[in-house]
Ligand SMILES: [Zn+2]
């Protein structure tokens, strides 16, 4: 059958023909010149030259890589309306802006706007499952708006319910919170999962206990920013452990400044860490911890945290995580006067973390995370015939981790439905997202005032003291670095 652009394609089987297939099954089987057949919501078959039903839609995957949809286990989608605003922030500036000063201005429609744009952005980048770590839910109306947006986008989501304006013991105790879970989450299956999202401060009174008890009562996982320099530390982990609230479904976000004892507690209780390397590298939570997590055999998934600072695609996450891990391994060796001759962390590992790492962390591994018959069809085709970067492909894991980018995402299926095809989103109203984001930005600018708006985006630059250099004798004062130092 020839390719068509009609909207009725969702009911037809789909076959990807002739691609390099990264199955990401347990053996990490890679198939060259192979097909992936999708019927209904599920993957029907993976292999060479598959026989397919007569009405099947054929997608030419030759020259491309077919892989499972990627899984982001920690993304504050509501912040997407502030895209890039905090590009030069530290974590301190982020906390001041969102937690103390401006976060409280966000209305339900502003949560909706950020979520809508961020959810679309994820699908465009081949991220088929996103944990919406939604800690701006000041009221249940905000939470309804968050889910309204997620339901308007044909992706797979997990709502991490949180509220930075209140203690988790407060918001989780409210009857309307439980009512919300019943009303909006129950019965949605693997298209809309649920977590509780809150942090543990280390207060010896452990006020978070009540929220953990609600999570246990509802039988839902908890995700928590752990090991964040200056915010959460080993005390929080110890309190969770001593009180029996560390479980295999617990996700520890960042976990970048923890002691070996805390890592041992995480490993022993079977939880996983969501690593946001771009975030940890520039915000200051701590060094991206994969080099340590490997030593403790702690499972890893990847995440992008927030588009208020960083990119929202997992290509960036894979690339920066691979680089940060290797960088640290070299650095540690050099401190011992040793040379690393063989890289421990491979491109294959970060592709695994971006797919299976996520499906396992979310308890969805029987449904998604790999291209295997019977699994839900979350499929990404990376292919770009107009790009000089698509050939040759020798190491397909290396290609995904270090060569590819979101513009190379050709086709995306979620739950068997085509949501992007030929580099274009399908059945998604980007204009509507633009409209609501503009309204949110106009509102926030008015609420903050022009001066505060500009100041928030442009924090002061600390003075840099340039060291004395005994070799400096030429005046080349026109160079950019030199003129900066003379200020
Ligand atoms: Zn976060």
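General observations
- For the range 34-185, the mean projected area of the C-alpha convex hull, equal to one quarter of the hull surface, is 11.9 nm².
- In the range 257-315, Cα pairs under 8 Å separated by at least six residues give a relative contact order of 36 percent.
- Simple spin-label estimate for residue 372 and residue 438 gives 4.8 nm between the two label positions (7 Å along the Cα-to-Cβ direction from each Cα).
- Two-site FRET efficiency, residue 336 against residue 174, from Cβ-Cβ distance with R₀ of 45 Å, rounded to 0.05: 0.25
- Working ranking of peptides 50-56, 16-22, 291-297 by packing, defined as the average number of other Cβ atoms within 10 Å per residue, highest first, is 16-22, 291-297, 50-56.
- Note on the range 13-76: Kirkwood radius taken over Cα pairs, Stokes-Einstein applied at 37 °C and 0.692 mPa s, translational D equal to 264 µm² s⁻¹.
- Per the Cα gyration tensor, the range 343-383 maps to an equivalent ellipsoid with semi-axes of 20, 14, 7 Å, ordered largest to smallest.
- Relative contact order %, the chain, counting alpha carbon pairs below 8 Å whose residues are six or more apart: 19
- Bridge orientation summary for the range 1-129: considering DSSP beta bridges with both residues in this region, about 60 percent are antiparallel.
- Cβ-Cβ FRET estimate between residue 11 and residue 183, R0 fixed at 35 Å, reported to 0.05: 0.75
- Sequence ranges 301-311, 123-133, 445-455, ranked by mean other-Cβ count within 10 angstrom, highest first: 123-133, 301-311, 445-455
- Across q = 0.11, 0.23 Å⁻¹, the range 269-357 modelled as identical point scatterers on its alpha-carbon atoms has Debye log10 I(q)/I(0) values of -0.30, -1.18, in the order of the q list.
- Stretched out straight at 0.36 nm per residue, the stretch from residue 219 to residue 87 would grow longer than its current Cα-Cα span by 43.8 nm.
- The helix-based estimate of mean residue ellipticity at 222 nm for the chain, built from -39,500 (n - 2.57) per DSSP H run of four or more residues and divided by its residue count, is -9000 deg cm²/dmol to the nearest 500.
- Taking only the alpha carbons of the range 339-432, we obtain Rg and Dmax values of 15.6, 54 Å in that order.
- Quarter of Cα convex hull surface for the range 49-91, i.e. mean projection, nm²: 6.8
- Residues in the range 11-42 reached by a label modelled at residue 294 [backbone nitrogen below 11 Å; 7 Å Cα→Cβ]: none
- Relative contact order [Cα under 8 Å, 6+ residues apart], the range 241-343, whole percent: 23
- Stokes-Einstein translational diffusion, the range 164-291 - Kirkwood Rh over all Cα pairs, 1.567 mPa s, 4 °C, in µm²/s: 85
- Counting every pair of alpha carbons in the range 95-151, the share spaced more than 17 Å apart comes to 38 percent.
- Three principal axis extents describe the C-alpha atoms of the chain; from largest down they are 71, 67, 49 Å.
- Cα Rg, Dmax (largest Cα-Cα span) when computed across the range 58-127, Å: 16.4, 52
Bear in mind that the values in this text are calculations on the coordinates, not laboratory data. In this text the structure is predicted, and so the values were computed from the model without any measurement. Cβ coordinates were reconstructed from backbone atoms using ideal geometry, including for glycine residues, and neighbour counts include every protein chain displayed.
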